[in-house]
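Visitor: Okay, here's the structure, questions in a sec.
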Amino acid sequence: ARTPAVRGSTTVAMTIIQSFVLLLMWAAALAYAAYRGYKIFITLLATSPTPFATRLASGILRSFSLDDDKFFRADGAPDDIAEKRRAGMDNLARSFDEQFAASQKASETVLDGISDLRFTDTNRVPFPFQKLVRERLNVATLALASEGPHVVDLDGNKALDVSGSYGVNVCGYDNYKRWMEAGWARTKDLGPVLGPLHPIVGENLAMIKAVSKLDEVSFHMSGTEAVMCAVRLAAFNTRRKLVVTFAGAYHGWWDGVQPGIGNERTNTDVLPLKDMSPASLTAIRARKDEIACVVVNPLQGFNPNSPPPNDLVLMTAAMREASSSETLDHYAVWLKELRKVCTECEVPLMFDEVYTGFRMAPGGAQQYYGVHADMVVYGKTIGGGMPCGVVCGKKELMQRFDPERPLRVSYVIGTFAAHPLTMGAMNEFLRWVTTPEAEQVYTKVGDKFEHWVKDVNEELDAENLPLSVHNLTTVWTIIFNQPGRYHWMFQYYLRAEGIALSWVGTGRLLISLDFVHNDFEMLKKKLMNAARAMRDDGWWYLGTPDKPITAQSIGLVMGKEIAYNTVMSTVREGFLADVLCLPEQTGPRAPKSVPPETLHEFYEEVMRRKSDDHAASHKNTVNQFAHLVSSVIFSVGYFTVWSNCTATMVLGLCSLFLRQAGHAVFEPPCHDEEELLLGFNTRSKCFVVAGYTLAPLISLLRLGPNDPTLEPIARAWLNVTLFFVLGHTGLLWMQYGFRIASVWLVKLVTDPITDVYAYHPAAVNVWTTKDWKTATWENFQSHLRGGTAKDGGAKSAEEKKTQ
């Protein structure tokens, strides 16, 4: 047996060991927390707020349309400029109708059945202007043929194409037609057989590996599908989940690389970092063990940290910028630094060259910037005119199965991958683009285009036209050099001049390698003519010296419009619309809002509304008698409010109950008429009055009418009454102007007095009238349903939405 001294020593030793272990555990926990905190801090510094801000805004911002008058003076322009713009719009609409009659008719037929076209047709201009533009300027979406760099529509018009078919047309349409025909001739004997590969695939494989400088290749049907494959393979082979992208970069419509708007799924494995930021490099170093790949769209050098430019978001000139040559040089340095960090951290670097591949140079962005990636994705033009996507990568990143775990696979496959016709057209294209002659064509056309850009900008500057063109190889955009809300209109002037654009408008334009001197001269002439016409029609009006139109003034107006319409749209939804009794803002059910000019007109307008209100919902004699009694009580309340708030509240509750009971029980539903006149109906008033009277009524029953504690409740009730009346008046003022709001307020306040005069005969007639028989349970229910007694309250979906 151990002595007490030994047992005591053991206990002390165990206590020391336990304390030491506990201390180590606490130290480890603190170290881990500090490490995780450091990672989070570094990530927050490097993360771009743009995707999260746009996603948040998409859930808050509400759509609205400027009416015919505000459309032409959205920047505060005077009447003469607004009329000039209106005339310009009329001329454009007439020109479109004359030039594109057959195309427009055919386009309308397919527009209703193809959701893709409906989406692009809706999103050509900023949303406040969309409604009128779509009504007046019908952009045809059909074509019959291509001739060189021209597209021929159904009316026989030839438009000089700078859309580039979304990036496919690098080399010229005639070349692609020739390659498609030659590719089919070489593979037609096999036809649509899938599974076995045509031998031509081997030739394509060798050429693609030579261009990409990578080990293996995978074929797909589109650029988006190829990006999906590449990201999945990177995650599978690195056993990591996090995908790094850079703010604004587009990598196709797949939600796995789309953290911003356009994707309703919340991404937890996509980290959008800032372009050209040292903090981003630090974040990659800190989280290297979590990152499956870093995905770069090299076209971002043209507009770092911004989404692809298009006219939909061209709310002001500040919405669009293009990099200077100095910024492009810095972007090239940034890519080299990014390459170095990814190599050090053993994180795969992926170039999404769906757009830039074979456009910036025969070897794509890798050749142009002198940076080689671990994986490269191609699409668009590599198919030689056929739909295609290609993934290239190092051998260790392209594995689709785990040799040590047979059930662990990365399932990536596609039915039409490596289709014989696609492989044939691709082969023809690759055989051309890998020749020295192709390199010479790229250089020759690139030099001509650089000269054209300089020449056009000099002419624009000489004529004091507020725009300029900027390019990155054969990709170019139009930048507007002064504030304005109508720069998006320029796309329609270009279309009227015979220039074919994609749905993104003037944001992203392209030229193809088949452009010759005459094409460049024609493009310059058309662009200059369009700019002159837009200037002459007043769309670039800058105000007067004492009242200039500036970026600040435009921003203020836009902010007020967006805030007002968003708040009002939110308020109008659900129960709030009934509580605040808001009228419809637009459409046939919106109240007429012609403001009175003189005091006599003001009086006539008040009395007219009283008369219309009577005719719409006060025909029943019993209801008239209820209004008579209610009005007498209200009139007494006007005097007692100054001396006895409790008595006034009791009188007010009785009066409100009588008024609404008369409507709800005896009058037939007439919701449409009531809403046109008053902005609310019996149904909404029943809910409002019920909720409005509930609190003080409960207090009254609990405390009794003589309880002194009821006085502050009554005073609060009266303050709420005043708040609702003045608040509703303020909302009407915001929506229709001060005079219309004043008409409503004066009518409301004087109704008890004029109702006594109008309905005093009911005090005699009520005892003998047959109107008592109209009181039915079905009538009351129909009021609450929002329909009529006849239809049982049934309403169409659209009517319910409006209600």
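Visitor: Please say if segment 442-506 is rounded, prolate or oblate, where rounded means a/c under 1.5 for a ≥ b ≥ c the square roots of the C-alpha gyration tensor eigenvalues, and otherwise the choice is prolate for a/b larger than b/c and oblate otherwise?
Guide: Oblate is the answer for segment 442-506, as a/c is 1.5 or above yet b/c matches or exceeds a/b.
Visitor: What FRET efficiency, computed as 1/(1 + (r/R0)^6) with R0 = 22 Å and r the Cβ-Cβ distance, is obtained for Ser410 and Glu264, rounded to the nearest 0.05?
Guide: My answer for the efficiency is 0.30.
Visitor: If you don't mind, there's one more thing I want to ask. Got a sec to turn the phi values of segment 266-276 into Karplus ³J(HN,Hα) couplings, 6.51 cos²θ - 1.76 cosθ + 1.60 with θ = phi - 60°, whole Hz, x for Gly and Pro?
Guide: Rounded to whole hertz, the list is 6, 8, 10, 10, 10, 10, x, 9, 7, 5, 6.
Visitor: Taking H as built 1.01 Å from N, whose amide H comes closer than 5 Å to the amide H of Ser146, not counting residues under 5 places away?
Guide: Under 5 Å from the amide H of Ser146 lie the amide H atoms of Val152, each far enough along the sequence or on another chain.
Visitor: Would the chain count as rounded, prolate or oblate if I go by the C-alpha gyration tensor, calling it rounded below 1.5 in a/c and otherwise prolate when a/b exceeds b/c, oblate otherwise?
Guide: Oblate.
Visitor: Sticking with this one: For Leu271, what residues show an amide H to amide H distance below 5 Å, using hydrogens built from the backbone and excluding near sequence neighbours?
Guide: Here the answer is Val243, Val244, Thr245, since their amide H atoms fall under 5 Å of that of Leu271.
Visitor: Run the paramagnetic zone check for Ser553: 7 angstrom along Cα to Cβ, then residues of segment 68-83 with backbone nitrogen under 20 Å.
Guide: In segment 68-83, the label zone of Ser553 (backbone N under 20 Å from the point 7 Å along Cα→Cβ) covers 69-83.
Visitor: Express as a percent, rounded to the nearest 5, the fraction of DSSP beta bridges in the chain (both residues included) that run antiparallel.
Guide: Roughly 65 percent of the beta bridges in the chain run antiparallel, per DSSP.
Visitor: Using a cut-off of 28 Å between alpha-carbon atoms, which lysines can reach Lys547, once sequence neighbours fewer than 8 places away in the same chain are excluded?
Guide: The reachable lysines, counting only those whose Cα sits under 28 Å from Lys547, are Lys70, Lys84, Lys560.
Visitor: Hey, another quick one. Sorted by mean Cβ packing within 10 Å, highest first, what order do the peptides 436-449, 89-102, 363-376 take?
Guide: 363-376, 89-102, 436-449
Visitor: Counting only the backbone N, which residues of segment 271-301 are under 13 Å from the spot 7 Å out from the Cα of Tyr38 toward its beta-carbon?
Guide: Backbone N within reach: 283, 285-288.
Visitor: Kindly work out what percent of the DSSP beta bridges joining two residues of segment 341-461 are antiparallel, to the nearest 5.
Guide: Antiparallel bridges: around 65 percent, rounded to the nearest 5.
Visitor: Could I ask something else about it? Do any GluC sites (Glu not before Pro) in segment 220-321 lie in a DSSP loop with no more than 14 other beta carbon atoms within 10 Å, and if so, which?
Guide: Glu264
Visitor: Ordered by packing density, taken as the mean number of other Cβ atoms within 10 Å over each peptide's residues, highest first, how do 22-35, 505-518 rank?
Guide: The densest-packed peptide leads the list: 505-518, 22-35.
Visitor: Cut-off under 16 Å on the C-alpha distance; same-chain residues fewer than 8 positions from Lys747 excluded. Which lysines are left, in chain and number order?
Guide: Straight-line reach from Lys747, under 16 Å: Lys592, Lys610.
Visitor: Could you give the length gained on full extension between Leu726 and Val193, defined as 0.36 nm per residue of separation minus the Cα-Cα distance, in nm?
Guide: Contour length minus the Cα-Cα distance gives 184.3 nm.
Visitor: Need the list of lysines near Lys158 for cross-linking: C-alpha distance under 27 angstrom, and skip anything on the same chain fewer than eight residues off.
Guide: The reachable lysines, counting only those whose Cα sits under 27 Å from Lys158, are Lys105, Lys177, Lys380, Lys444, Lys448, Lys454, Lys524, Lys525, Lys526.
Visitor: Here's a follow-up. How large a share of the accessible area of the chain, in percent, is made up of carbon and sulfur atoms when the probe is 1.4 Å and the other protein chains stay in place?
Guide: 63
Visitor: Return the sequence-ordered ³J(HN,Hα) values of segment 459-476 in whole Hz as given by the Karplus equation 6.51 cos²θ - 1.76 cosθ + 1.60 applied to θ = phi - 60°, using x for Gly and Pro.
Guide: Result, ordered by residue: 5, 4, 5, 5, 9, 6, 8, x, 8, 8, 10, 9, 9, 10, 6, 9, 9, 9 Hz.
Visitor: How much accessible area does Trp432 have with a 1.4 Å probe, in Å² rounded to the nearest 10?
Guide: Result for Trp432: roughly 60 Å² accessible.
Visitor: Rank these residues by their accessible area, most exposed first, probe 1.4 Å: Phe657, Phe20.
Guide: These residues rank, largest area first, as Phe657, Phe20.
Visitor: Moving to a separate point now. For Arg62, enumerate residues with amide H under 5 Å from its amide H, sequence gap 5+ or separate chain, H modeled in the peptide plane.
Guide: Amide H neighbours of Arg62: Thr566.
Visitor: Once you have a ≥ b ≥ c as the square roots of the Cα gyration tensor eigenvalues for segment 490-557, tell me rounded if a/c is under 1.5, and otherwise prolate or oblate according to whether a/b is larger than b/c.
Guide: Prolate, since a/c reaches 1.5 and a/b exceeds b/c.
Visitor: Provide the per-residue ³J(HN,Hα) series for segment 56-64, in order, calculated from phi with Karplus coefficients 6.51, -1.76, 1.60 and θ = phi - 60°, each as a whole number of Hz, with x at glycine and proline positions.
Guide: 5, 5, 5, x, 9, 5, 10, 6, 8
The values are calculated or read from the model by the stated rules, or taken from the named source; none is laboratory data. In this text, all values refer to a predicted model and were calculated from it rather than measured experimentally. Note: ideal-geometry Cβ built from the backbone for every residue, glycine included; neighbour counts use all protein chains shown. Just the protein is used for accessible areas: all its heavy atoms, side chains included, with ligands, DNA and RNA removed. Shrake-Rupley method; radii C 1.70, N 1.55, O 1.52, S 1.80 Å.
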